[in-house]
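Trainee: Take a look at this one; I'll ask things after.
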Amino acid sequence: MKKEEKTNVMRLLDGRKIPYVSHSYEPDATMSGEEIAAILGEDPDKVFKTLVTQGKSGQYYVFVVPVGAELDLKKAARASGEKAVSMIKQKELLPLTGYVHGGCSPVGMKKQFKTFIHKTVALQDRVFVSAGKVGYQIELKPTDLIEVSASIVEDIV
């Protein structure tokens, strides 16, 4: 594990007095979410990835799903009230959110977009999401993640 480094996500959580545990690992560009869960020694159902989409209307939406799951774009569109949503291009991610691919967190984006988290979050006692930098994860209570990311809990996979 790498030396402790505070990310903006961690500073935001500290500022709101939301308890969390930070985890770091040596990242590899080809690493999947399931591999990250294995490095953390955790069930992949507890480790969530953050996906950014754009609706037909031009609005952006954030979806947070377990790393082993695929976002169902039809369910995502229905949840967001759009006719259709599509994933944004990777090159759009940093200017839009402030995060790079593999380090995108639902917490502390440049702008707060309407955010949805998969309903299985409620089945977990704790969950993991990116801490806003590749190689860093935060572990926190699902209720705290939902609150700090202003997420709506939906069936989106």
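The values are calculated or read from the model by the stated rules, or taken from the named source; none is laboratory data. Since this is a predicted model, take the numbers as computed values, not measurements. So basically every Cβ, Gly included, is an ideal-geometry build from the backbone, and we count neighbours across all protein chains shown. Side chains are part of the model used for accessible areas, which takes the heavy atoms of the whole protein and leaves out ligands, DNA and RNA. Shrake-Rupley method; radii C 1.70, N 1.55, O 1.52, S 1.80 Å.
Trainee: Within the range 1-136, what whole-number % of the accessible surface is contributed by carbon and sulfur, with the 1.4 Å probe and all protein chains included in the calculation?
Mentor: Working: 3810 of 7310 Å².
Carbon and sulfur atoms account for 52 percent of the accessible area of the range 1-136.
Trainee: Answer with one residue from GLY68, GLN112, VAL47: the one whose Cα lies farthest towards the positive end of the charge dipole of the range 46-157, charges on Cβ with Lys, Arg +1 and Asp, Glu -1.
Mentor: GLN112
Trainee: Compute the convex hull volume of the Cα atoms of the range 24-93, divide it by the residue count, and report the result per residue in Å³ as a whole number. Before the final figure, lay out each step's value.
Mentor: Details: hull volume 6.6 nm³, N = 70.
Value for the range 24-93: 95 Å³ per residue.
Trainee: Can you work out the accessible area per residue across the chain, with the rest of the protein chains kept in place, probe 1.4 Å, in square angstrom?
Mentor: Averaged over the residues of the chain, the accessible area is 52 Å².
Trainee: Follow-up question, since we're still on this one. Once both labels are modelled 7 Å past Cα along the beta-carbon direction, what's the GLN59-GLU34 spacing in nm?
Mentor: Label at GLN59, label at GLU34, 3.4 nm between them.
Trainee: How long is the range 83-157 along each principal axis, judged by its Cα atoms, biggest number first, in Å?
Mentor: 35, 34, 19 Å, listed from the longest principal axis down.
Trainee: Counting helices only, and only those DSSP H runs with n ≥ 4, report the 222 nm mean residue ellipticity of the chain as the sum of -39,500 (n - 2.57) divided by its residues, in deg cm²/dmol to the nearest 500.
Mentor: So the calculated ellipticity at 222 nm is -6500 deg cm²/dmol.
Trainee: What is the range 47-157's relative contact order, in percent, from Cα pairs under 8 angstrom and six or more apart in sequence?
Mentor: Reported relative contact order: 29 percent.
Trainee: To the nearest 0.05, how large is the calculated FRET efficiency for LYS17 and ILE88 if R₀ is 25 Å and r is the Cβ-Cβ distance?
Mentor: 0.15
Trainee: Using a Förster distance of 35 Å, how high is the FRET efficiency between ALA150 and GLU26, based on the Cβ-Cβ distance and rounded to 0.05?
Mentor: 0.65
Trainee: Springs between alpha-carbon atoms under 10 Å, Gaussian network over the chain: tell me which of LYS83, LYS141, LYS114 tops the mean-square fluctuations.
Mentor: LYS83
Trainee: For LEU140, LEU51, LEU73, what's the largest-to-smallest order of accessible area, 1.4 Å probe?
Mentor: The ordering from most to least exposed comes out as LEU73, LEU51, LEU140.
Trainee: For MET109, what accessible area in Å² do you get when you roll a 1.4 Å probe over the heavy atoms of the protein chains, rounding to the nearest 10?
Mentor: 30
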